[in-house]
1. So is Val14 part of a strand (DSSP E or B) and either under 18 Å from the mean Cα position of the chain (by Cα) or at pLDDT below 90 (or both) or not?
2. So, in region 42-75, how many residues would count as being of a type outside the set (A, V, I, L, M, F, W, C) and within 14 Å of Gln97 (Cα to Cα)?
3. Restricting attention to region 46-67, which residues are touching a residue at least 40 places away in the same chain (Cβ under 8 Å) and either within 12 Å of Thr30 (Cα to Cα) or hydroxyl-bearing (Ser, Thr, Tyr) (or both)?
4. Among (1) over 17 Å from Thr93 (Cα atoms); (2) at pLDDT below 90, where does Gln34 come up short?
5. From (1) within 15 Å of the chain's Cα centre (by Cα); (2) closer than 15 Å to Tyr95 by Cβ, pick out the condition that doesn't hold for Leu45.
6. Taking the residues in region 32-42 that are in a strand (DSSP E or B) and in contact with a Leu (Cβ under 9 Å, 6 or more places away or on another chain) as candidates, determine which candidate is nearest to Gly79 (Cα to Cα).
7. Could you list all residues from region 60-88 that are of a type in the set (A, V, I, L, M, F, W, C) and loosely packed, with under 13 Cβ neighbours inside 10 Å?
8. Restricting to region 63-81, give me the number of residues that are outside any loop (DSSP other than H, G, I, E, B) and over 11 Å from the mean Cα position of the chain (by Cα).
Amino acid sequence: MKKKYYQLSALLMVFFVQFTFAQSVTISGTVSDQAGVPLSGASVLVKGTSAGGIADFDGNFSIQVTDAEGKTLVVSYLGFLTSKTVLTGVDQTLYVQLAEDVNALDEVIVVGSSITQERKKLGNAITTVKAAVLTKQRL
């Protein structure tokens with residue numbers, strides 16, 4: 001009787017473990033601009049999850065997603081409009097073309113500071129422009 005009990009419990013455990021594994025799919029593809037130039041470093045993220053990655057030097061990416069059906073793949077890159085694609089529940093290969101965001105290309109941020117430290121000790125990029133140079137330049 002004990003042997004049958006152990007066999008039945010082992011069989012139920014196998015079925016239980018099989019049901020607890022979620023279906024994992026692979027989403028892969030290429031990110032490029034409208035001219036077909038690969039965008040290395042483009043951010044690829046599945047909205048609402050922690051699954052994501054970055055496109056490699058050739059613009060290729062590959063991520064594993066559990067329960068992908070109906071979720072949204074968000075692809076973004078600096079200076080380009082964000083692309084959103086709804087995923088199906090099967091392995092997919094996508095070709096994503098990002099359009100340039102003309103408004104974002106015109107932005108410049110200038111920060112003034114009166115810190116008196118050596119340049120070597122500061123952890124950010126510093127450029128000094130003299131007032132005389134600014135007044136000589138024509139706009």
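1. no
2. Within region 42-75, the first condition is being of a type outside the set (A, V, I, L, M, F, W, C), and the residues that meet it are 43, 47-50, 52-53, 56, 58-60, 62, 64, 66-67, 69-72.
Now restrict to residues that are within 14 Å of Gln97 (Cα to Cα): 43, 58-60.
The number of residues fulfilling the criteria is 4.
3. Selection gives Thr66 alone.
4. So the condition that Gln34 fails would be (2).
5. (2)
6. Applying the filter and picking the extreme gives Asp33.
7. Hits for region 60-88 are Leu78, Val86.
8. At the first step, the residues of region 63-81 found to be outside any loop (DSSP other than H, G, I, E, B) are 63-66, 72-76, 80.
Keeping just the survivors that are over 11 Å from the mean Cα position of the chain (by Cα) gives 64-66, 72, 80.
Residues meeting the conditions: 5.
The values are calculated or read from the model by the stated rules, or taken from the named source; none is laboratory data. On a predicted model such as this, the values are computed, not experimentally measured, just so you know. Using ideal geometry, Cβ is built from the backbone for each residue, glycine included, and neighbour counts are taken over all protein chains shown.
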